[in-house]
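**Student:** Structure below; questions to follow.
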Amino acid sequence: MADRVRALALAEERKGHNLSAASHHKRACAYYQMGERFRTPKDKLALAAYRKSLDCFRRYARLTDRPRIETVEIPYEKGKTLPGYLVHAENTKKAKPPVVVFFDGLDITKELQYLRGVGDLVRRGMSCLVVDGPGNGETIRFRNLYLRHDCEVAGSAALDYLEKRKDVNAKKAAVMGISLGGYFAPRMASFERRYKACVSWGPNWDYQETWRRRIAAAFKTELSVPGHHIKWILNAKSFEEVLDKLSGFPLDGVVQKMRCPYLLVHGIDDKQEGTPVARKLFRGVGSKDKTLKIFTVAEGGAQHCQRDNMSLGTTYIFDWLQEKLNP
């Protein structure tokens, strides 16, 4: 299906129908990535499909009329870089609008993150830097950057990069993470005080305990990828090594240091991390200005990261960010 839709996109490109081509390329990117995610280990066919997905997204970014999307490289440690997209703010006259740094989760990518409402976020007068952190997307497939507990290194690198740009206001920056990003974002904001707001789009508290439970249940609990995905992104040879490498992931003793405004969005029917986890995280956060939003089954958005009605989650989050960053 990805190949079929990509062929449509290329045909429209040749005709000069840029907007039609852009639409097809964006859709083809999603098909390639959804197909590739379950092909493990990542062989030549999987990696070739992923490269096609990146080409599709970059063609979409070049051909679409809005929003303006810039492919960027964020200097990281030891001469490495993190790949990202800077999606520029709309509906603002400010030369340097606020910016939201958006990190991925366990198995999501910056391209799939973009599809989770970034176009609506930037319409609210804020730019958005969408990043493949270590263990995600391009970084794990092509750059050998593995998942690590001290994600604040990536969070600080993103801010260092933004401070050098003249078209965003890095002094009014928020950090947001989806799913496992519910661990990344609060840890980043707890160590990196330059962030002025923080959003956990999904809760996390003790990721080692989460995987201890999943391994004991032989991965019969709800997962969006095969159980051995965690070994790959941690560069671990066994599940015993996985648990050892996850020993630094608990947030207790970390999030108590947070001081910026904080939002945690959770669905009551989330089967990956339950409501007790959400409440532990929320109680632990040291910020005085903090909000816990739990979507119910009756209102919708009750599943993991509101995937049953994502617009309920995105509109709530983006309006909150707009209030805190005041673009």
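We did not get these values from a lab; they are worked out from the coordinates using the rules stated. These numbers come from a predicted model, not from an experiment. So basically every Cβ, Gly included, is an ideal-geometry build from the backbone, and we count neighbours across all protein chains shown.
**Student:** For the stretch 246-327, which GluC sites (Glu not before Pro) are in a loop by DSSP, counting at most 13 other Cβ atoms within 10 Å? Write out the running numbers ahead of the final one.
**Tutor:** Values: sites: Glu273, Glu299, Glu323; in loops: Glu273, Glu299.
Here the GluC sites (Glu not before Pro) that fit, given the DSSP loop and packing criteria, are Glu299.
**Student:** Mind listing the long-range amide H neighbours of Thr81? Cut-off is under 5 Å, sequence gap 5 or more, other chains count too, H placed in the peptide plane at 1.01 Å from N.
**Tutor:** Tyr76
**Student:** Kirkwood Rh, Cα Rg: Rg to Rh for the stretch 194-300?
**Tutor:** Numbers: Rg = 15.2 Å, Rh = 15.2 Å.
Here Rg/Rh amounts to 1.01.
**Student:** Which cross-chain or sequence-distant (5 or more) residues have an amide H under 5 Å from the amide H of Val101, H modelled 1.01 Å from N in plane?
**Tutor:** Residues meeting the amide H criterion: Leu129, Ala174, Val175, Met176.
**Student:** Loop-only check: which GluC sites (Glu not before Pro) in the stretch 190-252 are DSSP coil with at most 12 other Cβ within 10 angstrom? Spell out each step's value before the answer.
**Tutor:** On the way: sites: Glu192, Glu209, Glu222, Glu240, Glu241; in loops: Glu192, Glu222.
Those satisfying the criteria are Glu222.
**Student:** Can you give the helix-only mean residue ellipticity at 222 nm for the chain, where every DSSP H stretch with n ≥ 4 adds -39500 (n - 2.57) and the sum goes over all residues, rounded to the nearest 500 deg cm²/dmol?
**Tutor:** Numbers: 13 runs with 141 residues, N = 327.
Calculated mean residue ellipticity at 222 nm is -13000 deg cm²/dmol.
**Student:** So between Glu209 and Arg307, what do we pick up on full extension, going 0.36 nm a residue minus the alpha carbon distance? Show your work: numbers first, answer last.
**Tutor:** On the way: separation 98, 0.36 × 98 = 35.28 nm, distance 2.40 nm.
Taking Glu209 through Arg307 to full extension adds about 32.9 nm, to one decimal.
**Student:** Using θ = phi - 60° and the Karplus form 6.51 cos²θ - 1.76 cosθ + 1.60, what ³J(HN,Hα) does each residue of the stretch 125-138 get, whole Hz, x for Gly and Pro?
**Tutor:** Each residue of the stretch 125-138 in turn: x, 10, 7, 9, 9, 9, 10, 8, x, x, x, 10, x, 5 Hz.
**Student:** Here is a further query. Considering the chain, which cysteines have no disulfide-compatible partner, defined as another cysteine with its Cβ under 4.7 Å away?
**Tutor:** So, Cys128, Cys151, Cys198, Cys260, Cys305.
**Student:** Can you list the residues, at least 5 places off or on another chain, whose amide H is less than 5 Å from the amide H of Phe295, using H built in the peptide plane?
**Tutor:** Result for Phe295 returns His266, Gly267, Ile268.
**Student:** Now, a different point. Starting from the 7 Å offset along Cα-to-Cβ, what nm value, one decimal, do you get for the label separation of Ser20 and Lys220?
**Tutor:** A separation of 5.1 nm, rounded to one decimal place.
**Student:** If you don't mind, there's one more thing I want to ask. For the stretch 219-279, which trypsin sites (Lys or Arg not before Pro) pass both filters: DSSP loop (anything but H, G, I, E, B) and at most 12 other C-beta atoms within 10 Å?
**Tutor:** Values: sites: Lys220, Lys231, Lys237, Lys245, Lys257, Arg259, Lys271, Arg279; in loops: Lys220, Lys237, Arg259, Lys271.
Here the sparse-neighbourhood loop sites are Lys220, Lys237, Lys271.
**Student:** Using the structure shown, select from Lys220/Lys290; Lys220/Lys257; Lys110/Lys231; Lys96/Lys290; Lys42/Lys166 the pairs with a Cα to Cα distance greater than 28 angstrom. Walk me through the numbers on the way to the answer.
**Tutor:** On the way: Lys220/Lys290 34 Å; Lys220/Lys257 35 Å; Lys110/Lys231 21 Å; Lys96/Lys290 26 Å; Lys42/Lys166 39 Å.
Going by Cα-Cα distance, Lys220/Lys290; Lys220/Lys257; Lys42/Lys166 fall outside the 28 Å limit.
**Student:** Can you figure out the FRET efficiency of Ala48 with Asp160, using R₀ = 56 Å and their beta-carbon distance, to the nearest 0.05?
**Tutor:** Working: r = 34 Å, r/R0 = 0.60.
Rounded to the nearest 0.05, the efficiency is 0.95.
**Student:** Select one label from (1) 6, 27, 36, 25, 6, 1; (2) 7, 30, 39, 21, 3, 0; (3) 6, 26, 32, 21, 11, 3, 0: the one whose number is P(r) over Cα pairs in 10 Å bins from 0, in percent as derived from the coordinates shown.
**Tutor:** Comparing each candidate, only (1) matches the computed number.
**Student:** Does the stretch 56-196 come out rounded, prolate or oblate, given a ≥ b ≥ c as the square roots of the eigenvalues of its C-alpha gyration tensor, rounded meaning a/c under 1.5 and, failing that, prolate meaning a/b above b/c? Walk me through the numbers before you get to the answer.
**Tutor:** On the way: a/c = 1.59, a/b = 1.22, b/c = 1.31.
In terms of gyration-tensor shape, oblate.
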